[in-house]
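Just below is one structure, and these are the notes that go with it.
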Amino acid sequence: MAQRKKKPTSHEQHAVANAQHKNEFFRKLRFLFKAYSGEDLYPLIPHNILENLYLMRCYSFKVVPAKDQVIPPELLNDLRKYIPVLATRETIQFSDNGPEITVHDCITIGFTMIRLSNSIDTVNFPHVKKIETALAELHDPIIIFQRLSEKFYRMLQTYGYFCSDIGKTVYWLKHVVEQFADEDGMQNLIIVNKQVAETISIVIDGNKRPVTRLGWPDSHYEFDWSVLKPSDLNIYNAVDDRPMNVYVQSHALLRLEERVDGINTGILHLNLYTFLRKPVVCYDYNHQILIEYQIFNTKVGYLRADIVDGKVIIRTFLFITQSGTPEGQLLNKNTGLKMLDKKYLAIDKLSTFMNSDIGKNEKVRKIFQDAGCDCLLDSFEKIGNLSFKHANQSFADMMLNYLQYDKQLIPETEEEQVQLSADATLQEIN
């Protein structure tokens, strides 16, 4: 009777896995050497140098919370699960003439080659000069880091955006390479940072309202609090021009998500921060501050702002077609559409324009072009594939039929326009 094979111990399984990992590391290292140098230099490197290189290699990703920060376990688990997968799907070109490799291989195998290039002058073997010459350009791997920035670092930023909410917590991820404390190898750390919302109460129009300080991580992975000077808002008669902290009402965040619907909350809030850094400012009929807001290079509305107690307060978000905006007022004047009409037609939210028939219908296109809302007409082509909410019916015929029926609503005087704007704004911020 044949003797049953003994099941390998965990120690034996671990040893086999380590051996397989080492063989795979050297296989990829040889491939990358040849792709980078144009010739197979790998056999010229002595075995002891290769073994030492394996010990000083750059390890795979390790996702960790930033120092003294508590990150939700489910978020850390998701990051540990998805980042390695994404890094093996994204590719970059490690050398100008070589094939593309995965981001993961660049950060592990490629970074190990960079370490070798920086330490090759400390060892001696027959072909050391040839290896040193072949790897010389890796002493300053700025092009590789630029390519990584375009793919991997942007991927990390995007993942942080999708987890963030200014009204709750903003997250951002930072990639750091550092040496182990007790080993020769280098670890690739993905450090998860967070900034919890700073909310205060402020009296506006006699009522106490909660407002949240506005900020977002900058390109240097530091959290940057938004500030605006009076001159940034086209106010030049102020006593001084000192920067003021920017706060946003929860009402404004709700309206932003409600009206620019179908776009991820974190992306909406990132753009809120972005368009307040160098604001494009105008004033409505009642001389109230409006700050232009875009999504994916498409103007979709305005942030309505006040200065209260030395702070800039974002009171609400107005979709570009609404009566409180310059374009909305022109739309009122040209068509007679008032607030309730716009709600009925749902032209006060982005998802309505996620329909290809709006931009293709010449009559409807002219209505929006004449009101200065032509930026919305191409939103389907620009944003459609990024939006998870689309119009479920043809809109053009519905709007034209409604306008034909409702012609008597056209206001006749500028005074009525001003009153409509004032009424709409008052209703918005209250």
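Do any strands (runs of 3 or more DSSP E) lying entirely in segment 208-323 carry at least 2 residues that are under 24 Å from ASP341 (Cα atoms), and which ones are they?
Numbers: elements: 215-217, 223-225, 244-249, 281-283, 289-295, 298-308, 311-319.
Per the criteria, 289-295, 298-308, 311-319.
Selection within segment 92-127: residues that are among the hydroxyl-bearing types (Ser, Thr, Tyr) and crowded, with 16+ Cβ neighbours inside 10 Å. The member of this set that is farthest from the chain's Cα centre (by Cα) is SER117. Consider segment 329-346 and keep the residues that are under 29 Å from ASP205 (Cα atoms) and touching a Phe, Trp or Tyr at 6+ places or on another chain (Cβ under 8 Å). The one that is surrounded by the fewest Cβ atoms within 10 Å (Cβ to Cβ) is ASP341. Within segment 162-182, is there a residue that is surrounded by fewer than 17 Cβ atoms within 10 Å (Cβ to Cβ), more than 30 Å from PRO210 (Cβ to Cβ), charged (D, E, K, R) and touching a helix residue (DSSP H, G or I) at 6+ places or on another chain (Cβ under 7 Å)? No. For segment 209-226, state whether one or more residues are of a type in the set (Gly, Ala, Ser), surrounded by 13 or more Cβ atoms within 10 Å (Cβ to Cβ) and at pLDDT below 90. The answer is no; no qualifying residue exists. I'd like the residue in segment 128-155 that is at pLDDT below 90, of a type in the set (A, V, I, L, M) and part of a helix (DSSP H, G or I) and, out of all such residues, is surrounded by the most Cβ atoms within 10 Å (Cβ to Cβ). Of everything passing the filter in segment 128-155, LEU148 is surrounded by the most Cβ atoms within 10 Å (Cβ to Cβ). Cβ-Cβ distances below 7 Å connect the following pairs, each with a first residue in segment 86-113 that is within 10 Å of LYS151 (Cβ to Cβ) and assigned to a helix (DSSP H, G or I), a second residue that is of a type in the set (Lys, Arg) and modelled with pLDDT under 90, and a separation of six or more residues or different chains: VAL103/LYS151. State all residues of segment 18-55 that are at pLDDT 90 or above, aliphatic (A, V, I, L, M) and within 38 Å of the chain's Cα centre (by Cα); if no residue qualifies, say none. Listed by number, the residues that qualify are LEU29, LEU32, LEU53, LEU55.
The residues listed here are THR352, THR316, THR335, THR321; of these, the one that is in the same structural domain as GLU257 (by TED's automatic domain parsing), in contact with a helix residue (DSSP H, G or I) (Cβ under 7 Å, 6 or more places away or on another chain), closer than 11 Å to LEU376 by Cα and among the hydroxyl-bearing types (Ser, Thr, Tyr) is THR321. Quickly run through segment 280-302 and pick out the residues that are free of Cβ contacts under 8 Å to residues at least 60 places away in the same chain and buried (at least 19 other Cβ atoms within 10 Å of the Cβ). If the condition is that a residue be free of Cβ contacts under 8 Å to residues at least 60 places away in the same chain and buried (at least 19 other Cβ atoms within 10 Å of the Cβ), then ILE289, LEU290, ILE291, TYR293, GLY301, TYR302 are the ones that fit.
The values are calculated or read from the model by the stated rules, or taken from the named source; none is laboratory data. The shown structure was predicted, so the numbers you read here are calculated from the model rather than taken from an experiment. Note that each Cβ is placed from the backbone with ideal geometry, even for glycine, and that neighbours are counted across all protein chains shown.
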